[in-house]
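The values are calculated or read from the model by the stated rules, or taken from the named source; none is laboratory data. Worth saying up front: this structure is predicted, and the values here are computed from it rather than measured. All Cβ positions, even for glycine, are placed from backbone atoms using ideal geometry, and neighbour counts span all protein chains on display.
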């Protein structure tokens with residue numbers, strides 16, 4: 001169970017008031033001072049334990065946040081790499097298509113030139 005700031009403040013105020021009562025009239029409190037001291041120490045111990053629990057919980061939440069951020073960053077990196085590879089593959093495919101088309105056009109041009117040259121030779 002974690003204590004709210006108000007509960008922690010109330011514990012501290014109770015301890016301060018108890019301390020002041022003991023200082024004001026120690027003769028009236030001889031029999032209860034040990035009991036009050038035990039209560040105060042119990043409150044201190046409880047507060048320290050709750051503070052440690054709160055610290056542990058905060059650290060765990062921070063680590064969860066870090067882990068989540070790292071995972072999201074890795075997902076982003078993976079997605080970017082995949083998109084880049086898709087872009088590379090598409091560019092390679094387009095380039096190969098352009099090469100094939102250019103080779104075909106060049107071959108058509110060569111064939112046409114050879115045919116024209118043969119026609120010229122036949123005419124001569």
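Side notes on the structure shown:
- A single member of 10, 20, 43, 84 is at pLDDT 95 or above and assigned to a helix (DSSP H, G or I), and it is 84.
- Residue match in the range 34-52 (condition: surrounded by 10 or more Cβ atoms within 10 Å (Cβ to Cβ), without any contact (Cβ under 8 Å) to a residue 24 or more places away in the chain, within 30 Å of residue 3 (Cα to Cα) and more than 50 Å from the chain's Cα centre (by Cα)): yes
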